[in-house]
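One structure is given below, encoded as structure tokens.
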Amino acid sequence: MKYKKNNLNEVFYPELLTSITTNFKNYELTNQWLIIGLRISQENNLEEINVKSSVNDSEMEVKAYEIFNTMKEWKAAQVNDKEIDFDLLFTVLIRDNQIIIPTDYLYRNR
């Protein structure tokens, strides 16, 4: 699966981190985890967005949903040269007014 013709670690996660940081600049952040589920169809469409907060922060969930809803340049995953539907699950950690995407953090600090 790709986003903007690149692997997720190169473009998607950094762009997401920038977007979340920008959108929540004037928002009092509560320490929490966000659990994100995205479904990318074999037709390259973002079909489902699920965002859940570990502390039931509905405002954060709605704002995060809106961010994902603007991200449109997906390329479906492939198995044996055939495009398939794909579910992407990942987390976002908000702690002490810092936003960290653990997958991105590990990739950048390996």
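The values are calculated or read from the model by the stated rules, or taken from the named source; none is laboratory data. None of these values were measured; they are calculated from a predicted model. Note that we place each Cβ from the backbone using ideal geometry, even for glycine, and neighbour counts take in every protein chain shown.
General observations
- Within region 68-79, tally of residues that are surrounded by 13 or more Cβ atoms within 10 Å (Cβ to Cβ) and in contact (Cβ under 8 Å) with a residue 12 or more places away in the chain: 7
- Summed over region 74-108, residues that are under 15 Å from residue 14 (Cα atoms) and in a loop (DSSP other than H, G, I, E, B) total 1.
- Residue within region 13-28 that is touching a residue at least 12 places away in the same chain (Cβ under 8 Å), part of a strand (DSSP E or B) and not small (Gly, Ala, Ser) present: no
- Within region 42-53, the set of residues being more than 24 Å from residue 5 (Cβ to Cβ) and either surrounded by fewer than 14 Cβ atoms within 10 Å (Cβ to Cβ) or out of contact with any Gly (no Cβ under 6 Å at 6 or more places or on another chain) (or both) comprises 51, 52, 53.
Each row is one residue, and each column tells you yes or no for (1) surrounded by fewer than 16 Cβ atoms within 10 Å (Cβ to Cβ); (2) at pLDDT 95 or above; (3) in contact with a Phe, Trp or Tyr (Cβ under 6 Å, 6 or more places away or on another chain).
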residue	(1), (2), (3)
40	no, yes, yes
55	yes, yes, no
81	yes, no, no
84	yes, yes, no
88	no, yes, no
